[in-house]
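The values are calculated or read from the model by the stated rules, or taken from the named source; none is laboratory data. Values in this document were obtained by computation on a predicted structure and should not be read as measured data. When we count neighbours, we look across all protein chains shown, and the Cβ atoms used for this are built from the backbone with ideal geometry, even at glycine. Heavy atoms of the whole protein, side chains included, go into the accessibility calculation; ligands, DNA and RNA do not. Shrake-Rupley method; radii C 1.70, N 1.55, O 1.52, S 1.80 Å.
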Amino acid sequence: WPSGPEVLEGLTLDVAAGERVAIVGSSGSGKSTLLAVLAGFLPYDGSVRLGDVELRDLRGSDVRTVVGWCPQLPHVFDTSVVENVRLARPDASDEDVRAVLDAVGLGPWLEAAPLGLDTPVGDHGALVSAGQRQRLGVARVLLGGHPVVLLDEPTEHLDEATADTVADELLRALEGRTVLWVAHRPHGLESLDRVVRMS
């Protein structure tokens, strides 16, 4: 990070198109830093390539048309559920938005909410739980249709049963995409192609 010491060094990792890889390790091992680099948000030494192109040679906006990142605490705006998710694809229909919300397990919550898709999330997400906020962020990434998806602890704020369900639904929804899934918890990892351990 520009304001601090190096967090991550000596890493060599090749991820094939369509491969789904778990990144695990203790806190402070550089997992989230790795995702920030891959999303084009952090400068780096060495080489990071997206296909045949060095990442630093691409504009950030070009990287983020290919790479979708859901951080551990996704930002939500003081507007409705549908508008928060639709940020990823402004021309998406309500049906498209509803499909990705169903894929991350928010369908029952929306059915019970009087305003449905128009349910407000409040200032900084004050009207939704941490788990609902996390799933809104993941739904946004799904709607974006990025061929490469970076997920930072996508089941972190969910109870055990819900985490298992959401992990299964996410992996089905991400079929065919390249996925890097940072995790402390085991939910969904057995269904990924491999696990990379960082120390």
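Which ³J(HN,Hα) values in Hz, rounded to whole numbers, follow from the phi angles of segment 189-199 under the Karplus curve 6.51 cos²θ - 1.76 cosθ + 1.60, where θ = phi - 60° and Gly and Pro get x?
Values, residue by residue: 5, 5, 8, 8, 6, 6, 10, 10, 9, 9, 10 Hz.
Keeping every protein chain in place, order E83, E6, E19 by accessible area at 1.4 Å, biggest value first, i.e. largest first. Display every interim value, and only then the final one.
Numbers: E83 80, E6 125, E19 35 Å².
Reading off the accessible areas and sorting them downward yields E6, E83, E19.
Please report the net charge: other residues with Cβ closer than 15 Å to the Cβ of V85, K and R +1, D and E -1.
-2
May I ask you to give the solvent-accessible area per residue for segment 112-173, in square angstrom, as obtained with a 1.4 angstrom probe?
40 Å²
Can you sort T79, T155 by solvent-accessible area, 1.4 Å probe, largest first?
Details: T79 50, T155 5 Å².
Final ranking, largest accessible area leading: T79, T155.
In whole percent, what relative contact order does segment 1-152 give with Cα contacts below 8 Å and a gap of six or more residues?
Once normalised by length, the contact order is 28 percent.
Could you point to the label whose value was computed as Rg and Dmax of the Cα atoms in Å for the structure here, given (i) 19.0, 60; (ii) 16.7, 52; (iii) 16.5, 55?
Step by step, Rg and Dmax of the Cα atoms in Å for this structure corresponds to label (ii).
Pop out the ³J(HN,Hα) list for segment 14-25 in order, Karplus 6.51 cos²θ - 1.76 cosθ + 1.60 with θ = phi - 60°, rounded to Hz; leave Gly and Pro as x.
Values, residue by residue: 10, 10, 7, 4, x, 7, 10, 10, 8, 10, 10, x Hz.
As a test of reading the structure, rank D152, D14 by solvent-accessible area (1.4 Å probe, protein chains only), most first.
The ranking, largest first, comes out as D14, D152.
Using θ = phi - 60° and the Karplus relation 6.51 cos²θ - 1.76 cosθ + 1.60, list the HN-Hα couplings for segment 69-76 in order, rounded to whole Hz, with x at every Gly or Pro.
These are the phi-based 3J(HN,Hα) values: 10, 10, x, 4, 10, x, 6, 10 Hz.
Which value, in debye to the nearest 20, describes the size of the charge dipole of the chain about its Cα centre when Lys and Arg Cβ atoms bear +1, Asp and Glu Cβ atoms bear -1, and nothing else is charged?
In total the dipole reaches around 280 debye.
Hey, what number do you get for the chain at 222 nm if only DSSP H runs of n ≥ 4 count, each worth -39500 (n - 2.57), divided across all residues, to the nearest 500?
-9500 deg cm²/dmol
In a shell of Cβ-Cβ distance under 10 Å around G68, excluding G68 itself, what net charge do Lys and Arg (+1) and Asp and Glu (-1) give?
Values: positive: R64, R140, R177; negative: none.
Net of charged neighbours comes to +3.
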